[in-house]
Every structure is written in structure tokens, then in C-alpha cells.
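Enquirer: Sending over a structure as C-alpha cells; questions will come in a sec.
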Amino acid sequence: MASLSRGPIIDCDVHPTPRSMDEIRSYMKQPWKDRYSGGGRGFYGNPLHGARLDAKPPNGGPIGSDPEFVRQQLIEEYGHKHAILLPRAFCNLHPDPDFASAIAAAFNDWLADTWLGKHNPDGVFKGSITIAHQDPQAAAKEIERWAGHPHFVQVMTDSGARAPFGQRQYYPIYEACEKYGLPLAIHPGTDGMGINIQPTPGYPTHYIEWHTCLSLGFQSHLVSFLTEGVFEKFPNFKVVLTEGGVAWLPALMWRLDAEYKALRYEVPWVKRKPSEYLKDHVRITSQPLERPDNDEHLLQVLEMMDAENILMFASDYPHWDFDSPKLAFPKLPDALRNRIFYENAKQFYNL
Amino acid sequence: MRHEICYVKDLPMGANKIMTLEGRSVGVFNVNGEFYALKNSCPHQGAPLCVGTVTGMTLPSKPGEYLYGKEGEIVRCPWHGWEFDILTGKSIYDPHKCLVKTYDVAVEKVEEEIAVETYKVKVEEEKVIVYI
């Protein structure tokens with residue numbers, strides 16, 4: 001195991017779960033309190049199991065709902081310095097923007113009181129502000145409500161959307177993110193659900209197809225951010241692509257840079273080769289890390305994508321496709337390992 | 001080395017038991033009356049394999065056809081869901097390259113002296129034995 005689990009870790013994708021939906025409801029006003037009944041992303045439940053079977057808290061409650069057990073099974077087990085928490089509110093699929101915003105706000109209040117509050121005396125847990133992107137103005141206000149909180153380090157949204165994220169209707173969100181120094185994390189979920197468009201030609205039949213193709217939405221959002229000039233308009237705005245896959249990035253950037261040589265004409269606000277914006281504006285988290293049979297091939301991809309500067313480790317605990325800090329990666333050079341597992345996130349989130 | 005695990009009657013069909021033997025965690029399974037032992041560590045990322053679901057599997061079939069079989073002969077890793085044949089330790093997706101260590105298991109009659117009040121009684125019972 002030499003060098004596989006050395007050094008500090010910041011884990012950029014950990015999922016806390018409410019003990020019950022009543023816990024979320026307790027933070028809601030009427031009429032939402034009576035109306036809210038939880039609910040996930042809809043289709044595409046994992047046919048095997050959706051979460052690690054050994055992650056059931058011994059004292060009861062849903063998987064991921066016991067902060068003390070998460071400390072034991074993840075934080076202490078692997079020596080995490082910080083875990084970035086991304087709750088799954090699934091509010092981005094609702095047609096009613098007010099309902100969606102109420103769900104987002106309740107999740108934020110809950111997270112602030114519990115995982116970021118009474119269960120966080122040492123500050124190991126850092127959180128994400130859930131927003132409903134159906135209503136960008138309301139989302140911006142929600143971001144403002146939490147600005148300056150010591151443990152909220154980013155804003156988060158599902159990848160599911162009605163339009164690619166570079167489009168201007170979303171700009172109030174990015175303006176607020178920039179103003180308060182909070183990156184926007186995009187996490188898979190609610191693609192093709194409720195009001196959101198499915199980023200494949202139609203609905204895939206199987207979970208294996210759906211799960212493999214989650215990266216398609218991310219690719220579309222990233223190309224949209226770059227070509228719409230979002231990083232020119234908001235020069236301090238940053239994006240984290242969480243759980244969208246990793247190894248596709250170099251090929252997509254080669255393609256986009258190639259197109260840019262002539263089609264720059266169409267998007268004259270894009271001042272640099274699109275790929276050159278990544279280092280300043282985009283981070284990508286490692287899980288689910290692709291593992292080709294030949295480790296050397298992955299190491300080459302990491303070099304191609306500038307992993308040294310833009311890749312941040314994530315485990316996705318406690319979900320079924322958890323990447324172990326010890327064994328998810330092949331052996332890495334020490335300096336690169338430290339960048340991916342710790343330094344990149346430390347700098348990015350100012351931890 | 002020989003390790004007495006338990007009485008046969010205490011490990012019924014479909015049940016399994018996880019023990020630490022010689023410093024390593026081992027899962028002992030009763031599959032339809034036969035006993036098998038696997039190392040309790042998935043060769044993928046080291047998850048506690050034997051904590052996983054004991055189940056059957058969809059057998060190779062034509063597109064659109066479902067054949068379910070090997071009921072009770074498969075353990076599915078509790079993390080990433082990789083399937084292993086409990087009888088052989090071999091993974092389903094690549095039995096040649098991905099497999100978990102197995103151990104020999106025997107059922108042996110064991111004589112035990114049990115003190116019942118002042119009388120000594122000899123009892124012969126079958127026990128599950130793992131050889132490492």
C-alpha cells in the first residue's frame with residue numbers, strides 16, 4: 001500500500017442525508033411543509049444497490065444520516081482533513097419554482113444547523129448551498145442568505161437543466177457566486193426528470209447506459225460556459241464538475257480548441273483558446289475515475305488534462321460507486337498525488 | 001492450519017459467517033448444504049466482500065432474454081456490486097483475471113466431552129472446519 005494512502009485528503013464529494021423527511025419539513029413554512037414528501041430523481045434506480053451496504057449506521061437511520069458514523073467510516077478511516085458535503089435535494093426537477101426554492105432553502109437550513117453546525121466543532125465538514133436554478137433570481141437571493149457562512153464553501157446544482165448552463169438566463173446565479181467568492185458545483189441528477197431535458201437522444205433503457213452517459217450533460221454544460229463567454233463576463237466565477245467523469249476532458253478540449261480556430265468568428269468574446277480557461281475557472285473531481293487496463297494510459301490522460309492543476313479527489317461516499325482513497329488511483333508520483341488529493345482543493349476552496 | 005468455525009447446525013443454508021483467522025478476515029458460506037470460504041476482501045478496492053448480498057445472477061442470454069440462475073451461489077460486493085461465484089472465488093465479469101482467494105472447508109465429526117452435573121457425556125457433532 002506504500003504511497004497509496006499517504007498525506008492529507010480533502011474529499012470533494014460526500015453525501016449527507018437527513019434522518020427523515022420530517023427533519024427537512026421542520027425548516028419549511030406552509031404551504032410547502034404539508035406539500036413536501038421527499039422524493040428522489042425518479043427513474044434509474046441502481047438495480048443492485050445505490051449505496052454501500054456496509055454504510056448503514058449501526059444506531060439506525062438512513063445511510064449517510066449519522067455524522068458520527070461518517071466520521072468513523074470515512075474521516076478517521078482515511079485521515080480526511082475536510083469533506084465537502086453535497087446533499088441531494090433533487091429540487092431542480094420541479095415545475096413550480098417557488099416549491100423548488102423552498103426545498104433548497106430547507107436543505108440549506110438543515111445542513112447549516114446539523115452537519116455544518118452542531119456536528120462540526122472541528123470544521124471538518126464543509127458544505128454546499130443548494131439552489132433551484134429554475135428561478136435564478138431566487139437562487140441568487142438564497143446564495144446571498146448564506147454568504148459569509150464559515151462552512152458553506154460552494155453553491156451546488158444538479159446537472160439536469162432545461163438549457164445549457166452558459167446561457168444568460170442563469171447569470172444572476174453566477175453574479176452572486178462571483179460576488180461572494182463561491183464556486184458553482186454541478187452534480188449529476190435530475191437529467192431528463194421533471195422539467196429537465198435528457199442529454200441523450202431519448203431515454204436510455206438501462207441504468208448502465210444512463211450512468212455511463214452522465215458525463216454527456218457535463219460536457220454540454222462545459223462547452224456552453226466556455227463558448228457563451230461566461231468566464232469573460234464573470235472573470236472571478238468558478239465551476240466544479242463533480243462526479244461527471246474525468247477522462248473525457250482532453251478529447252473534448254482538443255475538439256473545441258480545433259473548432260475555435262475558425263469559429264472564433266461566431267463567438268468573438270472568447271478571447272483565448274477555450275481550454276486555456278480551465279486552469280483559472282474550472283475544476284473537476286475524480287470520482288468516478290475511469291480505470292483502463294493499462295495504468296500508464298490513465299497517467300497519460302491525467303497529464304493531458306493538466307490534472308496537476310485542475311483535478312480534485314472525491315470519493316462519493318456513501319454511494320455504491322465509492323472511490324477508495326487507497327485504491328481508486330494507480331500509484332501516482334508523490335507531488336501529483338498531493339495536488340489531486342489535497343492541494344488543489346485546499347487552494348480552490350481556501351481551506 | 002485447522003480452524004473450527006462452528007457446528008454445522010449453526011450455519012444453515014444461505015447463511016454465512018465472517019471470522020478472523022490467522023489475522024485475516026474470512027467469510028464462510030453454506031450454499032445448498034455445501035460449505036465454502038472466501039477471503040473477505042474484494043480484489044477491486046478492498047471492500048469487505050463477504051458482507052455483500054448473497055444472491056443469484058442473470059446468466060448469459062440472448063438480447064432481450066432473461067435467464068436467472070445460480071441462486072444463492074453469488075456474493076455481490078457491498079460497494080461496487082461486482083459478482084463473485086462463492087463456489088470458486090472467481091468473478092463473473094472476468095473469472096480468469098479477477099478472483100478472490102478461497103480456502104478449503106471440511107465438515108468433520110468432533111468429539112467433545114461435556115460435563116453435565118457430575119456425569120461426563122461424550123457427544124459427537126459435525127463441525128465446519130476451515131483449513132488455511
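Enquirer: When you scan region A:333-347, do you find a residue that is farther than 24 Å from A:Gly123 by Cβ, surrounded by fewer than 16 Cβ atoms within 10 Å (Cβ to Cβ), under 20 Å from the mean Cα position of the chain (by Cα) and acidic (Asp, Glu), even just one?
Expert: No, region A:333-347 contains no residue that is farther than 24 Å from A:Gly123 by Cβ, surrounded by fewer than 16 Cβ atoms within 10 Å (Cβ to Cβ), under 20 Å from the mean Cα position of the chain (by Cα) and acidic (Asp, Glu).
Enquirer: Do we have A:Gly189 as under 19 Å from the mean Cα position of the chain (by Cα) and within 23 Å of A:Leu216 (Cβ to Cβ) here? Please lay out each step first, then the result.
Expert: Numbers: under 19 Å from the mean Cα position of the chain (by Cα): yes; within 23 Å of A:Leu216 (Cβ to Cβ): yes.
When the stated conditions are applied, A:Gly189 passes them.
Enquirer: In region B:38-49, is there at least one residue being within 14 Å of another protein chain (Cβ to nearest Cβ), among the hydrophobic types (A, V, I, L, M, F, W, C), surrounded by fewer than 17 Cβ atoms within 10 Å (Cβ to Cβ) and assigned to a loop (DSSP other than H, G, I, E, B)? First the steps, then the outcome.
Expert: Step one: filter region B:38-49 for residues within 14 Å of another protein chain (Cβ to nearest Cβ), giving B:40-49.
Adding the requirement that they be among the hydrophobic types (A, V, I, L, M, F, W, C) leaves B:42, B:47, B:49.
Subset that is surrounded by fewer than 17 Cβ atoms within 10 Å (Cβ to Cβ): none.
Within region B:38-49 (the criterion being within 14 Å of another protein chain (Cβ to nearest Cβ), among the hydrophobic types (A, V, I, L, M, F, W, C), surrounded by fewer than 17 Cβ atoms within 10 Å (Cβ to Cβ) and assigned to a loop (DSSP other than H, G, I, E, B)), the answer is no, since none of the residues qualifies.
Enquirer: What's the number of the condition B:Gly14 fails, among (1) free of Cβ contacts under 8 Å to residues at least 12 places away in the same chain; (2) surrounded by fewer than 13 Cβ atoms within 10 Å (Cβ to Cβ); (3) not in a strand (DSSP E or B)?
Expert: Evaluating B:Gly14 over (1) free of Cβ contacts under 8 Å to residues at least 12 places away in the same chain; (2) surrounded by fewer than 13 Cβ atoms within 10 Å (Cβ to Cβ); (3) not in a strand (DSSP E or B) leaves (1) as the failure.
Enquirer: Just checking, does region B:106-129 include any residue being farther than 30 Å from A:Ser324 by Cβ, basic (Lys, Arg) and surrounded by 14 or more Cβ atoms within 10 Å (Cβ to Cβ)?
Expert: Quick first cut of region B:106-129, residues farther than 30 Å from A:Ser324 by Cβ only: B:106-129.
Keeping just the survivors that are basic (Lys, Arg) gives B:109, B:120, B:122, B:127.
From what's left, surrounded by 14 or more Cβ atoms within 10 Å (Cβ to Cβ): B:127.
Checking region B:106-129: at least one residue is farther than 30 Å from A:Ser324 by Cβ, basic (Lys, Arg) and surrounded by 14 or more Cβ atoms within 10 Å (Cβ to Cβ).
Enquirer: Among (1) surrounded by fewer than 17 Cβ atoms within 10 Å (Cβ to Cβ); (2) assigned to a loop (DSSP other than H, G, I, E, B), where does A:Glu175 come up short?
Expert: Every condition holds for A:Glu175 apart from (2).
Enquirer: Quick one: A:Ala185 ticks every box in (1) assigned to a strand (DSSP E or B); (2) more than 30 Å from A:Phe329 (Cβ to Cβ) except a single one, so which number is it?
Expert: (2)
Enquirer: Moving to a separate point now. Only residues that are more than 20 Å from A:Lys233 (Cα to Cα) and free of Cβ contacts under 8 Å to residues at least 60 places away in the same chain: list them for region A:145-189, please.
Expert: Once the filter is applied, which keeps residues that are more than 20 Å from A:Lys233 (Cα to Cα) and free of Cβ contacts under 8 Å to residues at least 60 places away in the same chain, region A:145-189 yields A:Arg145, A:Trp146, A:Ala147, A:Gly148, A:His149, A:Pro150, A:His151, A:Phe152, A:Arg162, A:Pro188.
Enquirer: Which ones in region A:236-249 are under 12 Å from A:Leu278 (Cα atoms) and either more than 13 Å from the chain's Cα centre (by Cα) or among the β-branched types (Val, Ile, Thr) (or both)? Walk me through how you get there before you give the answer.
Expert: Taking region A:236-249 first, the residues under 12 Å from A:Leu278 (Cα atoms) are A:237-241, A:249.
If the condition is that a residue be under 12 Å from A:Leu278 (Cα atoms) and either more than 13 Å from the chain's Cα centre (by Cα) or among the β-branched types (Val, Ile, Thr) (or both), then A:Phe237, A:Val239, A:Val240, A:Leu249 are the ones that fit.
Enquirer: For region B:51-132, which strands (runs of 3 or more DSSP E) that fit wholly inside it have 1 or more residues that are at pLDDT 95 or above and at positive phi?
Expert: Values: elements: B:53-59, B:67-76, B:83-85, B:102-116, B:119-131.
Per the criteria, B:67-76.
Enquirer: Looking only at residues in region A:150-172 that are under 18 Å from the mean Cα position of the chain (by Cα) and outside any loop (DSSP other than H, G, I, E, B), which one is farthest from A:Ile84 (Cα to Cα)?
Expert: In this case the residue turns out to be A:Tyr170.
Enquirer: For A:Pro288, are the conditions met, namely being of a type outside the set (Val, Ile, Thr), out of contact with any strand residue (DSSP E or B) (no Cβ under 6 Å at 6 or more places or on another chain) and surrounded by fewer than 22 Cβ atoms within 10 Å (Cβ to Cβ)?
Expert: Working: of a type outside the set (Val, Ile, Thr): yes; out of contact with any strand residue (DSSP E or B) (no Cβ under 6 Å at 6 or more places or on another chain): yes; surrounded by fewer than 22 Cβ atoms within 10 Å (Cβ to Cβ): no.
No, not satisfied.
Enquirer: Further, regarding this structure: Scan region B:59-82 for residues that are within 14 Å of chain A (Cβ to nearest Cβ), over 21 Å from B:Met19 (Cα atoms) and surrounded by 15 or more Cβ atoms within 10 Å (Cβ to Cβ) and jot them down.
Expert: First, pick out the residues of region B:59-82 that are within 14 Å of chain A (Cβ to nearest Cβ): B:63-64, B:66, B:68, B:74-82.
Subsequent filtering for residues that are over 21 Å from B:Met19 (Cα atoms) retains B:63-64, B:66, B:68, B:80-82.
B:His80, B:Gly81, B:Trp82, listed by residue number.
Enquirer: Just one of (1) surrounded by fewer than 21 Cβ atoms within 10 Å (Cβ to Cβ); (2) among the charged types (D, E, K, R); (3) within 19 Å of the chain's Cα centre (by Cα) trips up A:Asp11, so point out which.
Expert: (1)
Enquirer: What number of residues within region A:178-194 are surrounded by 20 or more Cβ atoms within 10 Å (Cβ to Cβ) and of a type in the set (D, E, K, R)?
Expert: Number of matching residues: 1.
Enquirer: Another one. Quick check on this structure: which one of B:Gly89, B:Gly52, B:Gly27 is within 14 Å of chain A (Cβ to nearest Cβ), buried (at least 18 other Cβ atoms within 10 Å of the Cβ), within 11 Å of the chain's Cα centre (by Cα) and of a type in the set (Gly, Ala, Ser)? Please lay out each step first, then the result.
Expert: Working: B:Gly89 fails: within 14 Å of chain A (Cβ to nearest Cβ); B:Gly52 fails: within 11 Å of the chain's Cα centre (by Cα).
Every option except B:Gly27 fails the conditions.
Enquirer: Please report, ordered by residue number, the helices (runs of 4 or more DSSP H) entirely within region A:196-258 with at least 3 residues that are crowded, with 17+ Cβ neighbours inside 10 Å and not aliphatic (A, V, I, L, M).
Expert: So the answer is A:214-227.
The values are calculated or read from the model by the stated rules, or taken from the named source; none is laboratory data. Not measured: the values here are computed from a predicted model. Counting neighbours? That spans all protein chains shown, and the Cβs are built from the backbone with ideal geometry, glycine included.
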